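Student: Take a look at this one; I'll ask things after.
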Amino acid sequence: MMKRIILIFTLLFTICYSSVYAQRIRVACVGNSITYGVGIPDREHKCYPADLGNLLGDKYEVRNFGNSGTTLLMKGDHPYMKTQTFNDALDFN
């Protein structure tokens, strides 16, 4: 009976431990056209957020939230914080 309890405890611990540490760390790359990758052929795979994701490896989930033509200044022509891309980055956590 004791062996069975230890086995069940070990299995539960392993399941809980692996589910907690299996989550990837999220990295949101925010910015303007440089982050977005304007003018880069195959930008989905060759922009700097994609390169960063490759460098960091599988334990990280890197996403590109660049928005061309925006500024990080709230008083600028097209503030990044007023875009849907900004809201998407926040939703990404």
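Rule-based calculations on the coordinates, nothing more; no lab input. The structure displayed is predicted, hence computed values, not measured ones.
Student: Subtract the Cα-Cα distance of ASP51 and ASN93 from 0.36 nm times their separation in residues, and report this length gain in nm to one decimal.
Tutor: 13.1 nm
Student: Work out from phi, with θ = phi - 60° and the Karplus expression 6.51 cos²θ - 1.76 cosθ + 1.60, the ³J(HN,Hα) of each residue of the range 40-50, listed in order in whole Hz, and give x for Gly and Pro.
Tutor: For the range 40-50, the Karplus curve yields 8, x, 6, 4, 4, 10, 10, 6, 5, x, 5 Hz.
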